[in-house]
Amino acid sequence: MSASNESTTGTATAETTKEVDALRKVARELLESGAVKMVIGYGEGYTQGKVMPIFLTDPEEVNRLIFDKRCVNNLATYLKKPEIRAMGKVAIVVKGCDARAINVLLLENQARRENLVILGMVCEGVGDPAEEKCLSCLVNTPPVYDHLFGEKIPARGWNEETFAKVEELDAMSPEERWEFWRRHFDRCIKCYACRQVCPICTCTRCITDKNQPQWVPTSPHPMGNYHWNLTRAFHLAGRCVSCNECERACPVDIPLSIINLALVKAVHDQYGFIAGMNSEDSPPLATYKEGEEQEFIK
Amino acid sequence: MAEFHPKIYAFLCNWCTYAGADLAGTSRMLYPADFRVIKVPCTGRIDPEFIVKAFEQGADGIWVSGCHIGDCHYNTGNYYAQRRWTIFRHELDCLGIDLRRLKFTWISAAEGRKFADEAKEFVNRIRDLGPYERFHEIIPAEPELALKTGGGN
Amino acid sequence: MAISIHANNFQTLFDSARDAGYRVIAPVRDHTVTLFKPVEKADQIVLDEILPTKSPKEYFLAEHEPILTYCRDKSGKVSIADPSLEEVMQPTLIFGVRPCDAAGPEIIRKVMTWDCDDQFFLRRREASVVVAIACVEADDACFCTSVGQAPDGTEGADILLVPSSDETGAVQEYLVQPVTDKGSEFIKATKGWKEGNPSRAAACDEVKEKLQKRFDPDRVREWLDAGFDDPYWNTATLSCIGCGTCTYLCPTCHCFDIVDEGDLTCGSRVKNWDSCQMCQFTLHASGHNPRATQNERFRQRIMHKFKYYPQLFGVVLCTGCGRCQRSCPVDLALAKLVERIYQLACEPVGT
C-alpha cells in the first residue's frame, strides 16, 4: 500500500455524487494511461470531518478523491512546489477560485499550461455555513479547465455585502484604522502561513527573507508585524484572487481578507481589472495607460 | 520651547525634480531646509518599501517627486510609478497611515519656483502636524548608552 | 490536609497575587482566538476549551527579545550592554495551563541547561508560578498519553487544580494539589484557597479512558534510527506548505534566530522564534541548503522530536497537545504520521 499521506481515520463517505464518480473515473484514466504522473485532489483529512490535500500516483487510490462543502483548500498552491514541478504533467482538482489562481500563475509564467490537466469542479460554495467569500463568487464555474464536473452555473457575483467590511473600515478615521490594525497585527507571530498557503506567493526568496539589506524586519514586534502584513498585501495587489486561504491559514485569525479586498476594490475601481479571470490580460501594476492623471499628485 | 524640525525624506528623481531643486538653489530661492533628499534615477525605481522604511527610520513626512507624466527621462518610468503609488497610497490609508504626511508631486527641471513653493508647503504642513508619534510608538526604542559596561561618552 | 478552590474565588486569588507582586497571565479571548495574556478580571478567563491557540511558551521563550544593545558615540567608541534581566525576572503567575503545556518548559529545560545555562529561559521559569488545570475532555488531536504525559500530569506545574464538575457538568470547584515547594509557598502567600475537599469528587478518569496510547515512542525511535532514507519520507508530507504554525504553537519547539536590528550608530541584537520548517532555516551562506525540500525539513522535525532529543536527553520533545494538527492549514497531523511510523515499526521484518 503506498504511503502517500494516507488517512488512518478510514471513514470515507460511502455515498458520492455523480460528479465525484466522474472525477474519480477521469483521474483513474489519467493515471493509468500515464498522461499525468500525479493527481492532486481532496481526500478525507487526518482529523475526522476535515479534508486534506492528497497526492495520488496509484490509479487504485482514486476512490480517495472527494469533493464536497468541506473542500476549502486552494490546491493551486502546490504548483509552486519544486517537487511537484519536477513531476512534469500533473492533474489538479480545482474550484473556481483555485482556477483563478492557476490563471495568475499561467499569466506570470509560474506554471506551464501543457503540464496541467485541470479538473474543474462547479462549486456553489464551500463551508457550512457558507464561507463569506463564496457569497460573492465570480467563478462558480471555474474559468479554466480541461474537464468540468457538474453543470455550468452562473456566478453569484459581487453584491452590496462584498466590500462591506472594507466600507466599514473606510468609514473610520485614520486613527481608528491604525488602532484596528494595531490590535490585529499584535497577534501576528510571523509564521508566514499566509505567505506559504497563498498560491500566488511564488517568489523563491521572499523579500522578508532577504537581509542585504533587510527591508522587512523579521521580528514579531509591532513594527515588524505591521510592515510584513502591509508588504504581503501590496505584493499581491492586482494578483490576489480572494481565495481567502491566507485568512483561513492564519493561526491567530487576523482578518487579512479585509486588506486583500480593499486592494481588489482599488484595482478594480482604478483599472477595471479583476485578477485570474483569464491568463491573458496584463496585470495592472505591470502596465500603464495614458490619461490616468491622479488628483493626489500635485 | 525648541522649534520642531521635522524629519522629512524626499525621494526625488534625478532628471526632473532634483534638477528643479538645483534650479531653486542656484536662483537663490529661499525654502526651509528641513528635508533630506534621496536621489533616485527615476520615480519608477521607487519601491514602496522605501516609504515604509522611511517611516521606520522616524520620518514625520515623506515627499516623493518626479518628472511630469509624458516627460519621464526613461519614457515610461513615472507611468508605472503613478499606478504603484495610487494603489499603495490606498493601502496605506486602509491601514491607518496619516496620508497628510505623504506628498506626491511632478516637478520638472525648469520648475525651480514650484519646487521651492512645494517644499515650503510641505515643511510647514509637517511642522503644524508635529512629530508622527503614532508611528514612532511602534519603532523599537533606541538603546540608551551603556552604563553597565562602563562604556559610553 | 486537602485544599480546594472555587472558580468564584479566582478573582481573590488574582488580586492577592498582584498584591504579592505577581503579574497574572491566563487564557483570554483575543478576537476569535484564545491566548495567554495579562488579565485583570477573572471572569475574562477562558477555561472551557480544549487548549488555548498558543501555548504559554512565550513567557519562557520570548518570541522576540534583545540579547544585547550597542551604541556608538560621537567619538566612534562603541558600547555594548546586556539587556536588563529584571523585567524578565518579574514574578509571574501563569494560570490555567493544561498539563501538556506545563510540561513543555520542563522538557525544554534539558537543552537549556545542556552545555550552558540559558538565563533568558531559566530566569523566566524561576520567576513563574505555573498553576495547571487538569483536563476533563480531549479531542481527536490530543495524544499526551502516547508521549508520557497525562491529562492530570504534574510535570512542570507548581500547583495542579483537578476539576470537579457539578450535576450540570459545569466545572466550578477544583481540588488543589501543590506540586513544588514554590507552589506551596505561593498558596501560603495568596488568598482564595479553601481547606477541605471540593463538594464533589475531582477526577479525570473519563478523559483518561478516551486517551489511549496511540504509539510507543521507543518503537518509533527504533524505526527512526534506521529509517532516515526510507521512501516513506518522499510522500508522507507532500501537503506541508512550510509555514511555521506548528513549530510556533508547539510547547516544546525552541529554535531561534539571531538578527541585528539597527544602524551604524545604535541598535540591538535580537533573538526571535524561528522554524525548521521554513525554507531558509538551513540555508548556508554559500547557497547550499542541506534541507532544500519540505520533505527533508519535515523529516527533521520528526527526527528531532522523536529520535535526537530522546537520544540526548531521554525524553521525547513533544507533549501531545495536538496544536500542530488543530492549527495546521492542511490538516497534516504529526501524530498520525508518527502513528504510521509506529505501524511500520511493528510490521514483521520482510513485509
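All of the numbers you see were taken from the coordinates with simple rules; none came from a lab. Keep in mind that this is a model prediction, so the values were computed, not measured. Every residue, glycine as well, gets a Cβ built from its backbone with ideal geometry; the counts of neighbours run over all protein chains shown.
Counting only alpha carbon atoms, the long axis of helix A:18-32 and the longest principal axis of chain A meet at about 80°. Dividing the radius of gyration of the alpha carbons in chain A by their Kirkwood radius gives 0.98 for Rg/Rh. Extending 7 Å from Cα along the Cβ direction at C:ALA20 and again at C:ALA189 yields two label points whose distance is 0.6 nm. Helix A:256-271 and the long axis of chain A differ in direction by around 70°, with both axes built from C-alpha atoms.
Scalar couplings 3J(HN,Hα) for the stretch C:95-104, obtained by applying the Karplus form with A = 6.51, B = -1.76, C = 1.60 to θ = phi - 60°, are 10, x, 8, 6, x, 5, 6, 5, 5, x Hz; x denotes Gly and Pro. Using a Förster distance of 22 angstrom, determine the FRET efficiency expected from the C-beta separation of B:ARG45 and C:LEU264, and round it to 0.05. Taking R0 as 22 Å, the efficiency between B:ARG45 and C:LEU264 is 0.40. Anisotropy class assigned to the protein assembly as shown is oblate, per the alpha carbon gyration tensor with a/c at or over the 1.5 cut-off and a/b no larger than b/c.
Here is the list for the stretch A:96-174: trypsin sites (Lys or Arg not before Pro) lying in DSSP coil, each with at most 11 other C-beta atoms within 10 angstrom of its C-beta, are A:LYS152.
Free of any GluC sites (Glu not before Pro) that DSSP assigns to a loop and that have at most 11 other C-beta atoms within 10 Å, the longest stretch within chain A is A:16-150. Between the helical axis of B:112-129 and the dominant principal axis of chain B, each derived from Cα atoms, what acute angle in degrees is found, rounded to the nearest 10? Its long axis makes an angle of about 30 degrees.
Roughly how many whole Å is it from the C-alpha centroid of the stretch B:11-54 to that of the stretch C:16-87? Cα centroid to Cα centroid, the span is 43 Å. Placing R0 at 60 angstrom, the Cβ-Cβ distance between A:LYS89 and B:THR26 gives a FRET efficiency of 0.40 after rounding to 0.05.
From helices alone, chain A scores -9000 deg cm²/dmol at 222 nm; the rule is -39500 (n - 2.57) for each run of n ≥ 4 DSSP H residues, then divide by the residue total. Can you pull out the trypsin sites (Lys or Arg not before Pro) in the stretch B:1-50 whose DSSP state is coil and whose Cβ has at most 11 other Cβ atoms within 10 Å? For trypsin sites (Lys or Arg not before Pro) across the stretch B:1-50 that sit outside H, G, I, E and B with at most 11 neighbouring Cβ atoms in 10 Å, the list reads B:ARG28. Each of the GluC sites (Glu not before Pro) that DSSP puts in a loop and that has at most 16 other Cβ atoms within 10 Å breaks chain B; the longest unbroken stretch is B:4-136. If the chain linking A:GLU168 and A:GLU29 were pulled fully straight, counting 0.36 nm for each residue of separation and taking away their Cα-Cα distance, it would gain 45.1 nm. Among the trypsin sites (Lys or Arg not before Pro) found in the stretch C:10-45, those both in a DSSP coil and sparsely packed, with 13 or fewer other Cβ atoms within 10 Å of their Cβ, are C:LYS41. Counted over chain A, the DSSP beta bridges are approximately 40% antiparallel.
Cβ crowding within 10 Å ranks A:PHE273, C:PHE121 as A:PHE273, C:PHE121, fewest other Cβ atoms first.
Every helix of 4 or more DSSP H residues in chain C counts as -39500 (n - 2.57), and over all residues that averages to -8000 deg cm²/dmol at 222 nm. No disulfide-compatible partner, judged by a Cβ distance under 4.7 Å, exists for the following cysteines of chain A: A:CYS71, A:CYS123, A:CYS134, A:CYS137, A:CYS188, A:CYS191, A:CYS203, A:CYS206, A:CYS240, A:CYS250.
Distances between placed amide hydrogens fall under 5 Å for C:ARG98 paired with C:ILE133, all partners being 5 or more residues away or on another chain. Evaluating 6.51 cos²θ - 1.76 cosθ + 1.60 at θ = phi - 60° for every residue in the stretch C:330-342, the Karplus couplings come out as 10, 6, 8, 9, 4, 4, 5, 5, 5, 4, 5, 4, 4 Hz, glycine and proline recorded as x. Between C:MET89 and A:LEU135, the distance separating the two model label sites (each 7 Å from Cα on the Cα→Cβ line) works out to 5.5 nm. Distance between the 7 Å Cα→Cβ label points at B:GLN57 and C:ASP225: 5.8 nm. Annotation: amide H of C:GLN172 within the under-5 Å range of C:SER164, C:ASP166, sequence separation 5 or more or interchain, hydrogens built in the peptide plane.
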